[in-house]
Structure formats: structure tokens, C-alpha cells
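First up is the structure itself, then whatever we jot down about it.
The values are calculated or read from the model by the stated rules, or taken from the named source; none is laboratory data. Because the structure is predicted, anything quoted here is derived from the model rather than measured. No Cβ is skipped: glycine too gets one built from the backbone with ideal geometry, and neighbour counts run over all protein chains shown. Accessible surface areas use protein heavy atoms only, side chains included; no ligands, DNA or RNA. Shrake-Rupley method; radii C 1.70, N 1.55, O 1.52, S 1.80 Å.
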Amino acid sequence: NAGVTQTPKFRVLKTGQSMTLLCAQDMNHEYMYWYRQDPGMGLRLIHYSVGEGTTAKGEVPDGYNVSRLKKQNFLLGLESAAPSQTSVYFCASSTTTGLAGTAGELFFGEGSRLTVL
Amino acid sequence: AQSVTQLGSHVSVSEGALVLLRCNYSSSVPPYLFWYVQYPNQGLQLLLKYTSAATLVKGINGFEAEFKKSETSFHLTKPSAHMSDAAEYFCAVSERNTDKLIFGTGTRLQVFP
């Protein structure tokens, strides 16, 4: 059972380049999230999706775009990478959230380490 | 807006000692609360969660946490630390009328022999 899979796991970019991180889950979860993790700042929510075809902004959305064309996939794009986007990116998925009146567990991928030079 | 504060970015204990990791939340109504653990080079995994069924919540690996509304706290404890508990621990909060989970800044636990 693969769970949540992120690709690539490592990437080095030059300033101004673009790239896409792919997240795939095989648990049929409705909700998917992209977080970034930086030392001393914990995990910060970039964008999230409550279902196929829908996306919403999180805490730190600037410089990123997302798409959820298929229920199992959630893509995170950087159109013009900046050194401030050097980070470890985590994708997560969940069956439910507080909005549904329950507290669902988030299942995380292993992370994608991005360095922007 | 909801938020969560973890006091102490690093905690060191000896093997066999009590583990206490602190978490305080800010929310207008009792939220859902979580503790996640992250081992090196891995994603996060759920330790335990509070959903109002009981104020003392037991999780995996001998950890437990107590929800105290009067103190707006959800501290994580374990009676006796093991070397394998060394990891980073994150407290997280989700309000009952939102679909977002907000994380604290994390506490790195070191366990010395």
C-alpha cells in the first residue's frame, strides 16, 4: 500500500526556473494539502484542496500554484523559483476535516527537498 | 485565527525519564487537537488526537496527552523515555468549522543514554 507518494524527492533549481511537484495518493481521500517545512517554523500550509477540481489558499500561497484535476493527484507548481522557496515540501491527504464535524488524520508523504540557487 | 504554540524548540531527557512536551492553543471554541511525530528524513505520522470524547488521550508508543480547557493546553507526556523516541514532535489544531490543520513550530526531543 503506497499511501502518499511525492515526486521528485530531491531537486535543485536555479533562480527563475519553474518546476512541478507531484503528489499522488491511493487511499481515495477527498482532502489534500501542500505544506512547506523550514527550520524553526514548523509546517506552514501553502494550498489545499477539498475535492477534485477545487483548490484554496493556505497561510503562505504566494509564488505557488496548484491543481487538482484528478482526485488522486495534487500538483504544486513554482512558476519562477526564488531562493526563499528552498525548503522541504510535504504533501498530505485526509478523509475528513473539522468542517465535516470530525477530526481526520492526515497521511503524509516522505517529502520533497527543493534547493533554489 | 486559530494558532498553536509549542514551548521549547529542543527538549533533552535521559533514557527512562519523564517526557513532557508543551502545547498551547488559541481558539474561540474547543478545537480538534493533534500530536504528530517526525523521524529523520520521514514524513509526519499521527501520535494521537483529541476530539472531545475524553480529555485524556492515549496514543501510540506509550504517549498520552491531556486536554485542559481552562489552560488551553494539550501537553504530550510519556512516563519513561526510550532512545527510539528521539524525533521532532508537532502539535496541531483544527477548528471544528474549518478544513485546515495548523501546525506548531515543533519540538525536537533528544534522549541520552
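Below, the figures for the structure above:
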quantity: Of all residues in the stretch A:22-80 being more than 12 Å from chain B (Cβ to nearest Cβ), in contact with an Asp or Glu (Cβ under 7 Å, 6 or more places away or on another chain) and surrounded by fewer than 20 Cβ atoms within 10 Å (Cβ to Cβ), the one that is nearest to residue A:92 (Cα to Cα); calculated: A:72
quantity: Residue A:15 surrounded by fewer than 13 Cβ atoms within 10 Å (Cβ to Cβ) and touching a Pro at 6+ places or on another chain (Cβ under 9 Å); calculated: yes
quantity: Qualifying residues in the stretch B:34-49 (those that are at negative phi and at pLDDT below 90) - the one farthest from the other protein chains (Cβ to nearest Cβ); calculated: B:40
quantity: Single unsatisfied condition, residue B:1 versus (1) surrounded by 12 or more Cβ atoms within 10 Å (Cβ to Cβ); (2) within 12 Å of chain A (Cβ to nearest Cβ); (3) at pLDDT below 90; (4) within 18 Å of residue A:43 (Cα to Cα); calculated: (1)
quantity: Filter result for residue A:56 (free of Cβ contacts under 8 Å to residues at least 12 places away in the same chain and under 13 Å from the mean Cα position of the chain (by Cα)); calculated: yes
quantity: Where a residue in the stretch B:99-113 is within 11 Å of residue B:23 (Cα to Cα) and more than 7 Å from every other protein chain (Cβ to nearest Cβ) and its partner, wherever it lies, is open to solvent by 10 Å² or more (accessible area, probe 1.4 Å) and of a type in the set (Gly, Ala, Ser), with Cβ under 9 Å and at least six apart; calculated: B:107/B:8; B:107/B:9
quantity: Single residue of the stretch B:56-87 satisfying the filter (part of a strand (DSSP E or B) and among the charged types (D, E, K, R)) that is surrounded by the fewest Cβ atoms within 10 Å (Cβ to Cβ); calculated: B:58
